[in-house]
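What follows is one structure encoded as structure tokens, with my remarks underneath.
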Amino acid sequence: MNRLLISMVLATLSTNVFCQSSRQWTLQECIDYAIANNISLKKKSLAKQSAEENVEQAKAQLLPSLNASTTQTLGFRPWPNETTSMVSNGTVQRSVDKWSYNGTYGINANWTVWNGNKNHNTLKLNKLTAEQAVCDSAITAKTIEEQITQLYVQILYTAEAIKVNKYSYETSLANEKRGEEMVKVGKMSKADLAQLSAQTATDKYGIVETESNLAKYKSQLKQLLEITGETPFDVAVPASSDSEATASIPGLTAVYDNAITNRPEIVYSQLGIKQSNLNIAIAKAGWMPTVSLTGSAMTSSSSMNDNSWGNQIKTNFDIGIGATLSVPICDQRQTKTAVNKARIQREDAILDLEEKKKQIWNTVEGYWIDANNNQQKFIAAKANVESAEASYTLMSEQFKMGLKNIVELMTSKSNLLKAQQDMLQSKYMTILSKEMLNLYNK
């Protein structure tokens, strides 16, 4: 029974390890995981919570403030005069005790009724700041999404480049073996065979280098996802499809219009303009009068009073209500300076919005041009690969029959390899540019 239980546990652990190590991440899974776990985004979330607390504080500023206070004093008079009377709160105190104990108790309230609408505008300003915090988080999320997309496509490109390099290595290896046979029968010199061997070694080195680059890109993507330690990580490499590169490309104007409507960078700048308008209004409040109401309830007690503590509290109880009107006359230009600075800030916010729109246009136009150019390059490169493959196949057959020399064979092979690499590069550059356009088109 124990052996059966141990076997079941080991089988379960082995299955879990296998499933974990064999998991392959899709692009969307990478993006979703990063959005949920990225440390920068978590910090942005904390900033958003802090901004929301400022909103609640601004709301509370619209309400009256209320506080209670008490003061307890112990006094000592070493040489009291028995014939001296003291008057405290309208009560004659004749006690001659050297020690005395006094207490005061009060409740105070204060309410700013109107201050040039500064408190209401401050609440609106804090709400805009909270909205900006949400946009700031969205900007970071978009940046991470773009970085993940670029790395993911780079991984797909490198993975397919490995296949091209392996194919080149296999053909070089076949040529080298054929060359060895030709040397044996005296149809090729050892010097030519050495060239074929060198080409095989070069292609093998190309495989190792490309695999190293692939591991590096995967490591960068893993770091971007905040996956640390020795956690197994790999990406899902879909079946290669040329249709992705040849599919229609979104229109430049349509992508730009959607971008300036929905991109968080634009919304952030638009909120900045609204903030600057409120800052102007808040600064202008410095020229307005302030009206506030105050209220208090006070009482006191003393051990030098012959009345009981309860009677003293009742007798000394006092309530006061007041109103205060404060009119600014000269504030040493502080308000005017604040208003002028707020207006300058608004102009800067307007320029920032225009700059953001320009940056988005340049970015979208760059991706759109790259997508179109690389798509045309891919179509041409695909035809060039077909021609180079046919040429190399024919050259290989002629080389085997001794009709072509080693230089012609290697030149043909180099042309084929270059054509394949050009096609691969233009293909994934097109896919990457289209993916980036799609991100701006959301």
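The values are calculated or read from the model by the stated rules, or taken from the named source; none is laboratory data. Note that the coordinates shown come from a computational prediction; the quantities given were computed from them, not determined experimentally. A quick note on method: Cβ atoms are made from the backbone with ideal geometry, for glycine too, and the neighbour counts reach across all protein chains shown. What goes into the accessible areas is simple: the full protein's heavy atoms, side chains included, and nothing from ligands, DNA or RNA. Shrake-Rupley method; radii C 1.70, N 1.55, O 1.52, S 1.80 Å.
Of note:
- Of all residues making up region 232-277, the number that are over 30 Å from residue 131 (Cα atoms) and either open to solvent by 30 Å² or more (accessible area, probe 1.4 Å) or in a loop (DSSP other than H, G, I, E, B) (or both): 18
- Index of the failed condition, residue 373 passing every other in (1) over 25 Å from residue 254 (Cα atoms); (2) assigned to a helix (DSSP H, G or I); (3) within 48 Å of the chain's Cα centre (by Cα): (1)
- Meets criteria (free of Cβ contacts under 8 Å to residues at least 40 places away in the same chain and open to solvent by less than 70 Å² (accessible area, probe 1.4 Å)) for residue 297: no
- Scanning region 154-164 turns up one or more residues that are open to solvent by 20 Å² or more (accessible area, probe 1.4 Å) and over 30 Å from residue 33 (Cα atoms).
- Taken together, the criteria place residue 187 among residues that are open to solvent by 50 Å² or more (accessible area, probe 1.4 Å), of a type in the set (D, E, K, R) and touching a residue at least 40 places away in the same chain (Cβ under 8 Å).
- Matching entry among 342, 383, 390 (being closer than 30 Å to residue 288 by Cβ, among the hydrophobic types (A, V, I, L, M, F, W, C) and over 26 Å from the mean Cα position of the chain (by Cα)): 342
- Taking each residue of region 386-402 that is touching a residue at least 12 places away in the same chain (Cβ under 8 Å) and looking for partners that are of a type in the set (Ser, Thr, Tyr) with beta-carbon atoms closer than 7 Å, six or more apart or interchain, yields 391/412; 392/412; 395/412.
- Cβ-Cβ contacts under 8 Å between residues 6 or more apart (or on different chains), taken from a first residue in region 143-168 that is farther than 25 Å from residue 417 by Cα and of a type in the set (Ser, Thr, Tyr) to a second residue that is open to solvent by 20 Å² or more (accessible area, probe 1.4 Å) and part of a helix (DSSP H, G or I), are listed as 149/27; 149/432; 149/435.
- Answer residue from region 26-51, given it is surrounded by fewer than 16 Cβ atoms within 10 Å (Cβ to Cβ) and among the polar types (S, T, N, Q) and is farthest from residue 131 (Cα to Cα) among those: 26
- Screening 413, 382, 404, 418 for residues that are outside any helix (DSSP H, G or I), surrounded by 13 or more Cβ atoms within 10 Å (Cβ to Cβ) and modelled with pLDDT under 95 leaves exactly one candidate, 404.
- Of the residues making up region 190-231, those that are open to solvent by less than 50 Å² (accessible area, probe 1.4 Å) and in a loop (DSSP other than H, G, I, E, B) are 225, 227.
- Residue check, residue 375 out of contact with any Asp or Glu (no Cβ under 6 Å at 6 or more places or on another chain) and open to solvent by 60 Å² or more (accessible area, probe 1.4 Å): no
- Lone unmet requirement of (1) more than 25 Å from residue 425 (Cβ to Cβ); (2) in a helix (DSSP H, G or I) for residue 116: (2)
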